[in-house]
Structures are given as C-alpha cells and as structure tokens.
Amino acid sequence: INISGNTRTIDKVIRRQIAISEGDSYSKYLINLSKNKIQSLQFFSNVDVTEEKDEAYDKVNLIIDVEEKNTGEATIGAGYSSVSKANLQLGITEQNFLGKGQQLKFQSSFGDEFTAYDISFAEPYLYGRDLYVKTDLYSELQDSTTVNYETEKIGFGFALGFPLSYDRRITTKYSLFNDKTIADTDATSYEKLLAGTTTVSSVGYSFSSDKRNSPYKPSAGYKYILNQDLAGLG
C-alpha cells in the first residue's frame, strides 16, 4: 500500500482509515470502503485508488493518491452597538491541525464592556488507538455601564469516545459551568438580589449507530444518535 500526494497530512492519519492491511487477501469491498473512509475525513479534495500488479503473480499493489485541500478557517470582525459598544471578534478553526488529524478551535470577542474566549481541542486517535478525546474551555466577563453588577462565566468540558462494535460508538462527557454575579456598592436592592453563584455539573453520553453503506456519500442505510445528560452531579 503506497500513499502519495499528502504533502501536509502525515502518513498514519491516512493509513488508519484503510480497512485492509498489507499482506491481507484481496477484497474489492474493503478497498472501496477504505477510499470512502479517507474521503470522509474531509482533508482531501480528491482521492484515487489504483491497483498495480506486482512482480509476484499473486500480489497486487494499492496506489492511493490524495490531493490536499484547505482545512482551516480564520475569521475577524468588528462592530459597534448601543448595548455592547465597540467590539472585535477573532476566530481560528482547524480540522487537521499540524497534519495530525487533530481539531482545534479558538474564538474570542473583545469589547468595551465584555471579554469572551471559547477554546476546544480534539484528538481523534489517542496514542494511535481509536479513542476520541476532546476538551473545551469557555470564559466570559461582562461589566456593563447600564447596570450596577458584573458577571463572570467559566465553563469546562471533557469528552472520551470509543467504539462498541464495528458500527456503534459511544462518547462519554462531563462539563462544569460556573456563573457568578457580583453587585457593585451602589447597586439597587433588586440588583443585589441577583448577586450570587450558580454552578452546573453534568455528566452524559452520546450513542451512535451507523448502518450506512458508505460514510462519505451513502445511498442506503441510516444513522442515529442518542444524547443524554444528567445535571446535578456532586
């Protein structure tokens, strides 16, 4: 199995999507499945698989040629409103970070009266195994001049996913969110009632079953996802 054209994506990111190993018996079904799985990564604009006869009469070489495409996005914006005043937004998302198949997101907002950050990172194959790990961090500070209190929000999330069978997966997750309101010294009696801290600790899971005939462009089958969360843990 020879792979070419991956000038950015490292070799193992592609090879772990191949359903057939070197030395295995020939299977056209597994070859087509491997092509679909590579295409479903959304890292390549084109994937070609050709079969080449080897010098040995009972051997076939698979030549996989891929064409890289952009997998990242950067955004920048600015605005002004009578409520939040001047503000600036910056964002970066990358689905194939450093060519390792990792997912990275960074979004931030800055204003005269608020600051917010949203950061997440995901590793789909931890230590080379089919283990999906994702962490999220969210922070927001708002101090508006129209009210006599400020709010602080901090959130953290962690997820771990793994296969239960060939077509079934489960992702377990935990999140902790803290919302704190601090009243100013000149706050009204009503605004002082708003002061305090709210904490939400939750655990949950996401179960999926994929019966489609292709993960890239299916023409038959179905896929369903079941999500459940339970708040109040601890």
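The values are calculated or read from the model by the stated rules, or taken from the named source; none is laboratory data. Since this is a predicted model, take the numbers as computed values, not measurements. Neighbour counts run over all protein chains shown; Cβ positions are idealised from the backbone, glycine included. To get the accessible areas, we keep the full protein, side chains included, count just its heavy atoms, and leave off ligands, DNA and RNA. Shrake-Rupley method; radii C 1.70, N 1.55, O 1.52, S 1.80 Å.
For this structure, a couple of remarks:
- Here Tyr166 fulfils each of the conditions (1) among the aromatic types (Phe, Trp, Tyr); (2) over 21 Å from Ile119 (Cβ atoms); (3) crowded, with 16+ Cβ neighbours inside 10 Å apart from (3).
- Scope segment 44-64; condition over 30 Å from Glu123 (Cβ atoms), hydroxyl-bearing (Ser, Thr, Tyr) and outside any loop (DSSP other than H, G, I, E, B); matching residues: Thr50
- Matching entry among Tyr132, Tyr125 (being surrounded by 15 or more Cβ atoms within 10 Å (Cβ to Cβ) and out of contact with any strand residue (DSSP E or B) (no Cβ under 7 Å at 6 or more places or on another chain)): Tyr125
- Only residues that are open to solvent by 60 Å² or more (accessible area, probe 1.4 Å), under 30 Å from Ser144 (Cα atoms) and not hydroxyl-bearing (Ser, Thr, Tyr) were counted across segment 52-84, and they come to 4.
- Answer from Ile154, Ile119 - the residue that is among the aliphatic types (A, V, I, L, M) and free of Cβ contacts under 8 Å to residues at least 24 places away in the same chain: Ile119
- Selected residue (criterion: farthest from Phe43 (Cα to Cα)) from residues of segment 189-222 that are open to solvent by less than 80 Å² (accessible area, probe 1.4 Å), modelled with pLDDT of 90 or more and among the polar types (S, T, N, Q): Ser201
- Some residue of segment 184-203 being closer than 30 Å to Asn36 by Cα and in contact with a Ser or Thr (Cβ under 6 Å, 6 or more places away or on another chain): no
- Close Cβ contacts (under 9 Å, 6 or more residues apart or on different chains) running from residues in segment 36-57 that are farther than 19 Å from Arg16 by Cα and free of Cβ contacts under 8 Å to residues at least 12 places away in the same chain to residues that are assigned to a strand (DSSP E or B) and not aliphatic (A, V, I, L, M) comprise Glu52/Asn2; Glu52/Asn61; Lys53/Asn61; Asp54/Asn61.
- Tally, over segment 1-31, of residues that are farther than 16 Å from Pro124 by Cα and either in contact (Cβ under 8 Å) with a residue 60 or more places away in the chain or open to solvent by less than 60 Å² (accessible area, probe 1.4 Å) (or both): 13
The rows are residues; the columns are (1) on the phi > 0 side of the Ramachandran plot; (2) outside any loop (DSSP other than H, G, I, E, B).
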{"site": "Thr7", "(1), (2)": "no, no"}
{"site": "Ile14", "(1), (2)": "no, yes"}
{"site": "Gln17", "(1), (2)": "no, no"}
{"site": "Glu22", "(1), (2)": "no, no"}
{"site": "Ser25", "(1), (2)": "no, no"}
{"site": "Asn32", "(1), (2)": "no, yes"}
{"site": "Gln42", "(1), (2)": "yes, no"}
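- When Leu88, Leu104 are screened for being of a type in the set (A, V, I, L, M, F, W, C), on the phi < 0 side of the Ramachandran plot and either open to solvent by 70 Å² or more (accessible area, probe 1.4 Å) or out of contact with any Asp or Glu (no Cβ under 6 Å at 6 or more places or on another chain) (or both), only Leu88 passes.
- For first residues located in segment 167-181 and closer than 18 Å to Ser209 by Cα, partners that are open to solvent by 70 Å² or more (accessible area, probe 1.4 Å) and of a type in the set (Lys, Arg) and lie 6+ apart or on another chain with Cβ distances below 7 Å form the pairs Asp167/Lys211.
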